[in-house]
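Here's the structure, in structure tokens; my notes come after.
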Amino acid sequence: MLTGIVAVVLGLGLMVLIHEFGHFIVARYFGVRVDVFSFGLGPRLFGVKRGATDYRLSALPVGGYVRMAGENPGDERTGDADEFLSKARWQRMFIVLAGPTTNLVLAIVLTAGLFIHGGEQPTYADQPVVIVGVMKDSPAQEGGIQPGDRILAFAGAENPTWDRIALELALSAPGRSEPVVVERHAQRVALSVKSDVQPFSVLGYPAEPVLVGGLVGGAAAEKAGLISGDAIVAANGQTIQSPYQLSEFIQLNGGQSIDLEIERSAQRQKISLQPGWGDPGDGKPRWLIGINYRFATVERSYSLPTAVVKAAQFHVVLGSKMLNMIGQLFTGRASMKQLQGPLGIVQESSRAARRGFADLI
């Protein structure tokens, strides 16, 4: 909770400071006198006066404000040219809009910074969405997605990549029906799938290397001689293109011996093993060979122009989802229980801060 409170104070503090600076700088540009620029609310702790403006730090670091001369209709006015209400209506509109506009600019700048800094991403993240396989009883299977389909459009996004799909789903209400268009045998097919936080459940899974990350002691894989770093490329002569595909193959094989073709140190070799029946720890017994997968990643960062474009796209999607949710709240299609108050903000900020700086941003 303390982590969350600190994260909220820092996060809200930065947002409020930038917001009020937007009002301040545009007000000063149009010649409006600013009497107070306060970081925080409540009693003044200390500050400094420069010109007509008192720059102050106030007791509660959870907000802030800019007080302009003649800002409120109830204030005593002198009619001076430097009062807010003495300015033309279009100038007052720009001053009012400057706060949220600078918040939006800050959001794009911070997100672009994350894209420039970069980090590890799955190898398929920025690739076209081509489906290798579909999970049993998943929204993808129920919606009619088939192996070999290429996603041409999802939730209005044309030719999406896997990371764009993940973004759309992260901002979509669970269970919501999302339109999807696939290319199948050179034809466009319109379908509909139910939203979920897991893209592979909604649309199926992509092709990616099947890498052995770890081994369960005494299990079939270790006994057969598999080691960490091996790439499994085929099972019983069938090409394996995904860890999910191998897991499904093991279950369908029903405990019979499996001949694996692996790649180790750029050389191919064959290994046979006998799956065992057991519970991996989730309370669902099944056939197991005793490996943990290591998913293939690549270090990826972006140039400044590309990062800004990607950041802007992210916030366009986020903003449209927010507006859509507000509309659903008013029409009763979304529950008010999905909203959270200040305590929820603290809790979510705490979780994000523990995951890392990027998540907190």
Under 31 Å from the mean Cα position of the chain (by Cα) and exposed (fewer than 14 other Cβ atoms within 10 Å of the Cβ): does that describe residue 73?
-> no
The lone condition residue 101 fails out of (1) outside any helix (DSSP H, G or I); (2) hydroxyl-bearing (Ser, Thr, Tyr); (3) open to solvent by 60 Å² or more (accessible area, probe 1.4 Å) is (1)
Assuming residue 207 fulfils every condition listed in (1) small (Gly, Ala, Ser); (2) open to solvent by less than 20 Å² (accessible area, probe 1.4 Å); (3) on the phi < 0 side of the Ramachandran plot apart from one, which condition is it?
-> (2)
Residue list for region 329-340, filter: in contact with a helix residue (DSSP H, G or I) (Cβ under 9 Å, 6 or more places away or on another chain) and either open to solvent by 60 Å² or more (accessible area, probe 1.4 Å) or in a helix (DSSP H, G or I) (or both) | 329, 333, 336, 338, 339, 340
On the given criteria, is residue 178 crowded, with 20+ Cβ neighbours inside 10 Å and assigned to a strand (DSSP E or B)?
-> yes
If only one of 212, 189, 202 is under 20 Å from residue 297 (Cα atoms) and surrounded by 15 or more Cβ atoms within 10 Å (Cβ to Cβ), which one is it?
-> 212
Please enumerate the residues belonging to region 142-165 that are open to solvent by 40 Å² or more (accessible area, probe 1.4 Å) and closer than 28 Å to residue 335 by Cβ.
-> 142, 156, 164
Does residue 44 satisfy being among the basic types (Lys, Arg) and without any contact (Cβ under 8 Å) to a residue 12 or more places away in the chain?
-> no
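The values are calculated or read from the model by the stated rules, or taken from the named source; none is laboratory data. Here the structure is a predicted model, which means the values were calculated and not measured. When we count neighbours, we look across all protein chains shown, and the Cβ atoms used for this are built from the backbone with ideal geometry, even at glycine. Note: areas computed on protein heavy atoms with side chains; ligands, DNA, RNA excluded. Shrake-Rupley method; radii C 1.70, N 1.55, O 1.52, S 1.80 Å.
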